[in-house]
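Right, one structure below, let's go through it.
The values are calculated or read from the model by the stated rules, or taken from the named source; none is laboratory data. What you see is a predicted model, and the numbers here were worked out from it, not measured in a lab. Methodologically, a virtual Cβ is constructed for each residue, glycine included, from the backbone with ideal geometry; neighbour enumeration extends over all protein chains shown. For the accessible areas, the whole protein counts, side chains as well, though only heavy atoms, and no ligand, DNA or RNA atoms are used. Shrake-Rupley method; radii C 1.70, N 1.55, O 1.52, S 1.80 Å.
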Amino acid sequence: MSKLLPGAWRDGKRYLWLLGIAAMALPMIGGLLAEHTGLSLFWWFTPLFIYLGVPLLDALVGEDRNNPPDAVVPALEKDRYYRWAVYAAVPFEYASLIWGAWTAATQTLAWWEYLGLAISVGMATGIAIAIAHELGHKTDPFEQWLAKIALAPTGYGHFYSEHNRGHHVRVATPEDPASSRYGESFYAFLPRTIAGGIRSAIAIEKARMARRGLPFWSWRNDVLNAWAMTPVLFTALIVAFGWKALPFLLIQAIYGFSLLEVVNYLEHYGLCRQKLPGGRYERCQPTHSWNSNHVFSNVFLYGLERHSDHHANPLRGYEALRHFDGSPQLPNGYAGMILLAYCPPLWFAVMNPKVRAHYDGNLSLANVKPSLRARLQLQGAA
Amino acid sequence: MRKWRCVICDFEYDEALGMPDEGIAPGTRWEDVPESWSCPDCGAPKAEFQMVEVAQAA
C-alpha cells in the first residue's frame with residue numbers, strides 16, 4: 001500500500017462530496033414537490049429524507065473503511081477542489097433560508113405546513129454547522145469568515161470560538177459541556193451544552209481580548225461579531241418579506257442548533273481521557289470519539305462522522321480523514337443515531353453496553369453522570 | 001526562557017517548564033522540541049502550524 005505512487009490512488013468519494021451541497025437544497029426540493037403534487041407531506045420532505053431515508057441508505061450502502069494512503073495525503077489536502085466543494089454549500093444554505101422566509105411570510109400555509117417548512121430549513125441550517133465546522137478549523141481568514149456566515153442563520157456564531165478553543169481542548173472530559181456523559185439523556189445534555197457552550201465562548205473571548213489589550217466590547221471580538229450577523233440577517237429578511245417570517249426564523253434557528261447539539265451528544269458519549277500524574281489530561285486519541293464510516297451520511301456531513309481522526313488530528317481536511325480500527329464505532333450513521341438519542345431508553349439500551357465493552361466493564365474509566373457515579377461507587381464499596 | 005502559544009487553541013508551551021508528562025524536560029528550547037510534537041490540547045502539529053512567541057527572556 002505504502003509503495004503506491006500518489007497518482008495511482010483515486011479518491012472514490014471525490015464527486016460524492018458534492019452531495020453536501022445538495023443537502024442544503026433539500027428544503028427547496030421539498031417545496032417544489034409540495035407545489036407540483038399538492039401533497040402537504042412534502043413540506044416535511046427534509047426531516048423525512050434525513051430520518052428515514054438516510055439511516056436506511058446507511059444500512060444498505062454500508063461502511064467504507066478505506067483510508068487514503070499517507071503518501072497521497074499532502075496532495076489531497078492541497079487540492080483546492082475539496083475546499084470549493086465546501087464553499088459552494090454556503091450559498092445554497094442561504095438560498096434555502098431566504099426562500100423559506102419568503103414562503104413563510106407570503107404564501108398561504110396551514111400551520112403544519114409552516115412548521116414543516118421551518119423544521120426542513122432548520123435541518124439545512126443545522127447541517128450547515130458541520131460546514132462551518134470544516135471551515136472554522138482552518139487558519140485562512142476567508143474560511144474563518146465564511147464559517148461565521150454559515151453559522152448566522154442558527155445564531156450559533158459563538159461555536160466558531162468555543163469549538164476550537166473550548167471543545168477541542170476539553171473533549172471527553174467532565175469539564176466539557178459538549179461531551180455527553182454515560183447515563184445522561186439527550187434532554188439533560190441539551191440545556192447543559194447550550195448554556196455551557198455560551199459561557200465558555202464568552203470566557204475564551206474575554207481572555208483573548210484582554211491578552212491583546214482590547215476591550216471585550218469590540219468588533220474584533222469573534223463571539224460578538226459572529227453573533228451580530230444573526231439580528232442583521234433576520235431583520236433584513238423581516239423587512240423584505242414581512243413579520244410572518246419571524247416565527248419561521250426562530251423555529252429553524254432553534255431546531256438547527258439543537259441538531260448540532262444532538263450530534264455533539266453522540267460524538268463522545270461516555271468516553272473519557274485519563275488524568276496524567278502532572279494533572280493534565282492525556283492527549284486526545286482516536287479512542288476518545290465515536291466513529292462512523294457509513295458512507296451516505298458521511299458525504300452529507302463532509303466526513304464529520306470520521307470523528308476519531310478529526311479530534312486526534314483537527315487540522316486534517318475532511319477528504320483525508322482516516323478510519324482507525326481501535327476507535328469505538330457507532331452502529332449506524334449520525335442520522336440513525338440521532339433517532340436513538342431522541343429516545344433515551346433505546347439510546348441507553350444500545351450505547352451503554354458499548355461504553356462498558358469499550359472500558360472492559362470498568363466504568364471508573366468512563367465519563368459518567370455525577371449522580372450515577374456516586375451510586376456506582378456506593379455499590380462498589382458495599 | 002521563552003513561551004510559545006498555539007494559534008489554534010491558545011495553549012502555551014513554556015520552555016522553563018517543558019512537558020515532563022511527554023518526556024520534554026524543563027528548559028527544553030522550542031527549537032529542540034521534536035518536529036513530530038503537536039499541541040497537547042488541540043493537536044495542532046508543530047511543523048504545520050506555528051506557535052507565536054509571546055515572551056522574551058526575563
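A few remarks follow.
For (1) at pLDDT below 95; (2) open to solvent by 30 Å² or more (accessible area, probe 1.4 Å); (3) among the β-branched types (V, I, T); (4) more than 15 Å from A:H133 (Cα to Cα), each residue gets a yes or a no:
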| residue | (1), (2), (3), (4) |
| --- | --- |
| A:S297 | yes, no, no, yes |
| A:L304 | yes, no, no, no |
| A:H311 | yes, no, no, no |
| A:M337 | no, no, no, yes |
| A:A341 | no, no, no, yes |
| A:P345 | no, yes, no, yes |
| A:A349 | no, yes, no, yes |
| A:K354 | no, yes, no, yes |
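Matching residues to (1) away from chain A (no Cβ under 11 Å); (2) crowded, with 18+ Cβ neighbours inside 10 Å; (3) in contact (Cβ under 8 Å) with a residue 60 or more places away in the chain; (4) under 24 Å from A:P141 (Cα atoms):
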site: B:V7; (1), (2), (3), (4): no, no, no, yes
site: B:E12; (1), (2), (3), (4): no, no, no, yes
site: B:L17; (1), (2), (3), (4): no, no, no, no
site: B:E35; (1), (2), (3), (4): yes, no, no, no
site: B:C39; (1), (2), (3), (4): no, yes, no, yes
site: B:P45; (1), (2), (3), (4): no, no, no, yes
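- Test: residue in the range A:185-196 that is more than 19 Å from the chain's Cα centre (by Cα), at pLDDT 95 or above and open to solvent by less than 40 Å² (accessible area, probe 1.4 Å): no
- Residue within the range A:339-358 that is among the polar types (S, T, N, Q) and more than 26 Å from B:G43 (Cα to Cα) present: yes
- When A:V239 is tested against (1) touching a residue at least 60 places away in the same chain (Cβ under 8 Å); (2) away from chain B (no Cβ under 14 Å), only condition (1) is not met.
Results for (1) within 14 Å of chain B (Cβ to nearest Cβ); (2) within 22 Å of A:V72 (Cβ to Cβ); (3) out of contact with any Asp or Glu (no Cβ under 8 Å at 6 or more places or on another chain), shown as yes or no for each residue.
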| position | (1), (2), (3) |
| --- | --- |
| A:S308 | yes, yes, yes |
| A:L321 | yes, yes, no |
| A:P331 | no, no, yes |
| A:Y334 | no, no, no |
| A:M337 | no, no, yes |
| A:A341 | no, no, yes |
| A:L346 | no, no, yes |
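- Look at the range A:3-26: where a residue is closer than 22 Å to A:A150 by Cβ and a partner is open to solvent by 70 Å² or more (accessible area, probe 1.4 Å) and modelled with pLDDT of 90 or more, sitting 6+ places away or on another chain with Cβ atoms under 7 Å, you get A:I21/A:F92; A:M24/A:F92; A:A25/A:F92.
- A:W9 open to solvent by 40 Å² or more (accessible area, probe 1.4 Å) and modelled with pLDDT of 95 or more: no
- If the condition is being within 19 Å of the chain's Cα centre (by Cα), over 15 Å from A:P153 (Cα atoms) and touching a residue at least 40 places away in the same chain (Cβ under 8 Å), then the range A:82-137 contributes A:Y82, A:R83, A:A85, A:V86, A:Y87, A:A88, A:E134, A:L135, A:H137.
- For the range B:23-32, the tally of residues that are open to solvent by less than 30 Å² (accessible area, probe 1.4 Å) and modelled with pLDDT under 90 stands at 1.
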